[in-house]
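The values are calculated or read from the model by the stated rules, or taken from the named source; none is laboratory data. These numbers come from a predicted model, not from an experiment. Neighbour counts run over all protein chains shown; Cβ positions are idealised from the backbone, glycine included. Accessible surface areas use protein heavy atoms only, side chains included; no ligands, DNA or RNA. Shrake-Rupley method; radii C 1.70, N 1.55, O 1.52, S 1.80 Å.
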Amino acid sequence: MKIKYKKIVSLVWHGGAWIFSAMLCSIVVFILGSYYYTGSPTGFLKLVRTFSIVESRYAGEIDKEKLLNGALEGIVAKLSDKHSIYLDGDNYASFANQTSASYAGVGLYLGKNDQGPFVVEVVDGSPAKEAGIQRGDIIVAINGKNANEMDIERVAQEVRGPVGSAVTLVLSHKGTEYTKELVRSQIQLKTVGGQLIPGTNIGYIRVAIFSEKTGKEFTDLYQSLRQQGMGKMILDLRNNPGGLVDQAVIVSSNFVPPHSTIVSYVDRSGKETDFTADGTTDGIPMVVLINENTASAAEITAGAVQDLKIGTIVGVKSYGKGTVQGVYPIDEGNAIKLTVAKYKTANGRFIDGVGIEPDVVVPLQADDTTDKQFEKAYEILNQ
């Protein structure tokens, strides 16, 4: 009996020691993991404790999924980088649509001046066009929020939303305010369009966004216009928010010298990656139009033209988005869009927060009756 008792005690002792060791190791791993990911050994506990207090003490109804999304949004928001955001649900779908030149909204290109956000252009066939909204109209409020207190990115986010949802805009047309409630629809953008200006050898090509097929669409149109006699070109990148950098490289290959570096990425470790265009020896005189809404891949294209001295930049200073974002899915419906690198133009300029300064500055006011920027581009190519 004594022998069996001793064996039982030994087994209990060793089993308890093993369990204790396993628990101790788990606690150490938990603390180290918490410190690694949150910067605090009790960071995970704080998160769980916060959820617990809210769930047990809050007087109203609780949506646990919204609480979780709010916590995840907060993690990314605290980076204080407006281009790094947590994408959930409709926001993720909306972002994914951007690279396919389709989005849910009302069909407005927006700008901002001293008077506030204003309509730069209205997409044909869109809810905004059907409602009679006109170029130059000032946006006063969006769903009851003062639009003048928002930056242009926030204005765009507020105007966009799920297909079938409504947005109420208060606008001002030549000093007279009016209100429109618009139902958002799927807006399909034509990424590239243009033609020869009648009676001239000047071609006009506009690129609305750099999406998946923009490189091919541009190349097809560019070559077609060259065959029709285009000897000079106006490239319109106004209100182009950017998009896929590889498409900007393909577009640029039609007019930059052979093997030109279009853009360089510099990641957090300082590693630099160059993107080089095939280029051509058959370039033509060109003017590139930019404005305050020209951003990202569009700035890369304009910057390459300016740095390589193959054309003139006309308009006003561009947006100044010189960072690269990667999209990392969390699950099927959520992802993080995170800034992973900064880019430099062909001559090594960092433009984040700085933008591209035009060679010829031509402001465009909301009440202009003609497109003065286009007129200046035409004048330059005719000199």
**Message:** Return the residues of segment 197-220 that are open to solvent by 40 Å² or more (accessible area, probe 1.4 Å) and not in a loop (DSSP other than H, G, I, E, B); say none if nothing qualifies.
**Reply:** Tyr204, Arg206, Lys216, Glu217, Asp220
**Complete:** The residue that is least open to solvent (accessible area, probe 1.4 Å), considering only those in segment 221-246 that are modelled with pLDDT under 95 and among the polar types (S, T, N, Q), is Asn240
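Working only within segment 129-144, note down all residues that are open to solvent by less than 30 Å² (accessible area, probe 1.4 Å) and of a type in the set (A, V, I, L, M, F, W, C).
Result: Ala131, Ile133, Ile138, Ile139, Ala141, Ile142.
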**Item:** Single unsatisfied condition, Gly111 versus (1) touching a residue at least 60 places away in the same chain (Cβ under 8 Å); (2) open to solvent by 20 Å² or more (accessible area, probe 1.4 Å)
**Value:** (2)
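If you go through segment 263-312, how many residues are β-branched (Val, Ile, Thr), surrounded by 23 or more Cβ atoms within 10 Å (Cβ to Cβ) and either more than 14 Å from Ile351 (Cα to Cα) or over 23 Å from the mean Cα position of the chain (by Cα) (or both)?
Matching residues across segment 263-312 total 4.
Residue-wise test of (1) in contact with a Leu (Cβ under 9 Å, 6 or more places away or on another chain); (2) on the phi > 0 side of the Ramachandran plot; (3) not hydrophobic (A, V, I, L, M, F, W, C).
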position: Asn291; (1), (2), (3): yes, no, yes
position: Ala302; (1), (2), (3): yes, no, no
position: Gly315; (1), (2), (3): yes, yes, yes
position: Thr323; (1), (2), (3): no, no, yes
position: Asn334; (1), (2), (3): yes, no, yes
position: Asp352; (1), (2), (3): no, no, yes
position: Glu357; (1), (2), (3): no, no, yes
**Prompt:** Only one of (1) assigned to a strand (DSSP E or B); (2) without any contact (Cβ under 8 Å) to a residue 24 or more places away in the chain; (3) not acidic (Asp, Glu) fails for Lys129. Which number is that?
**Reply:** (1)
**Asked** Looking only at residues in segment 357-383 that are under 25 Å from the mean Cα position of the chain (by Cα) and modelled with pLDDT under 90, which one is surrounded by the most Cβ atoms within 10 Å (Cβ to Cβ)?
**Response** Leu364
**Request:** Scan segment 330-339 for residues that are under 17 Å from the mean Cα position of the chain (by Cα) and either free of Cβ contacts under 8 Å to residues at least 12 places away in the same chain or open to solvent by 30 Å² or more (accessible area, probe 1.4 Å) (or both) and jot them down.
**Result:** Ile336, Leu338, Thr339
**Prompt:** So, in segment 76-91, of the ones that are free of Cβ contacts under 8 Å to residues at least 60 places away in the same chain and outside any loop (DSSP other than H, G, I, E, B), which residue ends up nearest to the chain's Cα centre (by Cα)?
**Reply:** Asn91
**Asked** Would segment 263-272 turn up any residue that is modelled with pLDDT under 95, in contact with a helix residue (DSSP H, G or I) (Cβ under 9 Å, 6 or more places away or on another chain) and in a loop (DSSP other than H, G, I, E, B)?
**Response** no
**Item:** Residue in segment 258-274 that is within 29 Å of Leu338 (Cβ to Cβ) and aromatic (Phe, Trp, Tyr) present
**Value:** yes
**Request:** Could you pull out the residue among Lys342, Lys321, Lys317 that is assigned to a strand (DSSP E or B), open to solvent by 10 Å² or more (accessible area, probe 1.4 Å) and in contact (Cβ under 8 Å) with a residue 12 or more places away in the chain?
**Result:** Lys342
**Message:** Filter segment 46-75 down to the residues that are open to solvent by 70 Å² or more (accessible area, probe 1.4 Å) and under 35 Å from the mean Cα position of the chain (by Cα) and list them by number.
**Reply:** Lys46, Leu47, Val48, Thr50, Glu61, Asp63, Lys64, Glu65, Lys66, Leu68, Glu73, Ile75
**Prompt:** Got a sec? Which of Ile75, Ile85, Ile62 is within 21 Å of Ser296 (Cα to Cα) and at pLDDT 80 or above?
**Reply:** Ile85
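Select from segment 145-188 the residues that are part of a loop (DSSP other than H, G, I, E, B), in contact with a Ser or Thr (Cβ under 7 Å, 6 or more places away or on another chain) and open to solvent by 30 Å² or more (accessible area, probe 1.4 Å) and list them in ascending order.
Result: Arg160, Val163.
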